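Inspection log for the structure reproduced underneath, given as structure tokens.
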Amino acid sequence: MLVGHAHHVDWLWLALCVPHWLRLRHVLLLTNVDEDEVYWRQKKDDDELEWSHNSTHVISQLAQCFSNAMVGSRSWVIGFFNRYGNKRSGNDKYLDYPLSPLQEQRLQRLQDRLQVPFDETRTDHQESLRALWHAAFPNIVLRGLISEQWKDMGWQGPNPSTDFRGCGFVSLENLLFFARTYPASFHRLLFKQDGDRATWEYPFAVAGINVSFMLIQMLDLCSAKPKCLPGINFVKLLGEDEEAFDVLYCIAFEMMDAQWLAMHASYMEFNEVLQVTRTQLERELSLEDVHRIQDLPAYNLLYQ
């Protein structure tokens with residue numbers, strides 16, 4: 001059994017590349033998953049009918065986009081998120097907030113991590129990849145860093161290094177931190193153990209990379225210092241815990257999976273699931289009583 005449903009992996013990347021074909025909904029994010037479920041169940045039948053009527057044209061567009069995207073660079077990925085999610089209205093009042101020396105130091109270290117590309121020739125990067133495999137499948141021997149086995153984790157093909165294009169080594173660090181720090185949660189999502197799963201499931205590893213993309217953009221980490229309220233509040237959390245970004249990644253992955261189940265999504269809707277997840281996470285990061293990463297309401301998802 002292919003855990004990551006690898007024969008569908010390309011479609012997730014295609015759906016992320018061309019969100020235009022999806023009917024963009026103005027989603028009112030409700031505060032609990034049960035209410036989300038009612039909304040999305042009502043919407044799903046209409047969407048499936050729309051898909052069936054337009055599938056030939058859509059597939060042609062997606063195939064062209066996939067061909068272009070896989071030779072893309074980091075700038076392509078950042079550009080994608082800037083176009084579709086980086087709307088900063090009314091944030092000018094946040095531009096001049098001060099950073100403590102500790103916050104500034106930790107933010108700089110995190111931003112330095114974001115600049116490290118994955119390099120399959122580096123021994124430490126190879127070892128991190130092997131460590132991820134061992135954490136995911138401790139009883140299965142990995143035959144090589146290029147192997148069809150990687151598809152079982154939800155990578156696009158036999159060489160996972162190609163999937164790090166655009167986000168770099170930090171996305172591997174995020175996955176490895178998740179596996180080591182919250183192993184029960186990691187394996188629950190990897191093996192799709194909770195809920196009534198869709199016929200077309202999201203590929204775990206590729207989804208994880210996209211969660212990293214989303215967080216980097218949402219927190220405005222490519223700026224000298226964040227200029228949005230969630231990003232500013234995140235820097236405060238970073239001052240309390242240097243692992244705040246990695247823990248937030250694990251929380252976001254759990255939130256994404258919960259939204260996936262609530263929406264009864266298939267991975268052609270993955271971009272919408274990710275956007276709803278982002279909205280919910282932005283709200284939690286804006287709560288006044290959040291002073292530590294553990295104060296986020298969704299933190300409890302890691303211990304279900």
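The values are calculated or read from the model by the stated rules, or taken from the named source; none is laboratory data. Predicted, not measured: the structure shown is a model, and the values here were computed from it. Cβ atoms come from the backbone with ideal geometry, glycine included; neighbour counts cover every protein chain shown. These area figures cover heavy atoms from the full protein model, side chains too; ligands, DNA and RNA do not enter into them. Shrake-Rupley method; radii C 1.70, N 1.55, O 1.52, S 1.80 Å.
In the set (1) without any contact (Cβ under 8 Å) to a residue 60 or more places away in the chain; (2) farther than 18 Å from Asn174 by Cβ; (3) open to solvent by less than 70 Å² (accessible area, probe 1.4 Å), the condition left unmet by Ala131 is number (2). Could you tell me whether Gly72 is assigned to a loop (DSSP other than H, G, I, E, B), open to solvent by 30 Å² or more (accessible area, probe 1.4 Å), small (Gly, Ala, Ser) and modelled with pLDDT under 50? No: the conditions fail for Gly72. Residues in segment 269-304 that are of a type in the set (A, V, I, L, M, F, W, C), outside any loop (DSSP other than H, G, I, E, B) and surrounded by fewer than 21 Cβ atoms within 10 Å (Cβ to Cβ): Ala298, Leu301, Leu302. Out of curiosity, is Arg113 within 24 Å of Ile251 (Cα to Cα) and either open to solvent by less than 10 Å² (accessible area, probe 1.4 Å) or not aromatic (Phe, Trp, Tyr) (or both)? Yes; evaluated as a whole, the condition is true for this residue. Could you list, in sequence order, the residues of segment 111-125 that are modelled with pLDDT of 95 or more, in contact with a Leu (Cβ under 9 Å, 6 or more places away or on another chain) and over 12 Å from Glu173 (Cα atoms)? If the condition is that a residue be modelled with pLDDT of 95 or more, in contact with a Leu (Cβ under 9 Å, 6 or more places away or on another chain) and over 12 Å from Glu173 (Cα atoms), then Gln111 is the only one that fits.
Test Glu240 against the criterion of being modelled with pLDDT of 95 or more, charged (D, E, K, R) and in contact with a Lys or Arg (Cβ under 6 Å, 6 or more places away or on another chain), and give yes or no. Considered against the rule, which asks whether it is modelled with pLDDT of 95 or more, charged (D, E, K, R) and in contact with a Lys or Arg (Cβ under 6 Å, 6 or more places away or on another chain), Glu240 comes out as yes. Mind listing whichever residues of segment 248-268 are open to solvent by less than 10 Å² (accessible area, probe 1.4 Å) and either β-branched (Val, Ile, Thr) or in a loop (DSSP other than H, G, I, E, B) (or both)? Correct list: Ile251, Met263, Ala265.
On inspection, Leu107 fails the criterion of being modelled with pLDDT under 95, open to solvent by less than 90 Å² (accessible area, probe 1.4 Å) and over 19 Å from Ala205 (Cβ atoms). Can you find even one residue in segment 227-243 that is under 24 Å from Arg165 (Cα atoms), in contact (Cβ under 8 Å) with a residue 60 or more places away in the chain, outside any helix (DSSP H, G or I) and not hydroxyl-bearing (Ser, Thr, Tyr)? For segment 227-243, residues under 24 Å from Arg165 (Cα atoms), in contact (Cβ under 8 Å) with a residue 60 or more places away in the chain, outside any helix (DSSP H, G or I) and not hydroxyl-bearing (Ser, Thr, Tyr): present.
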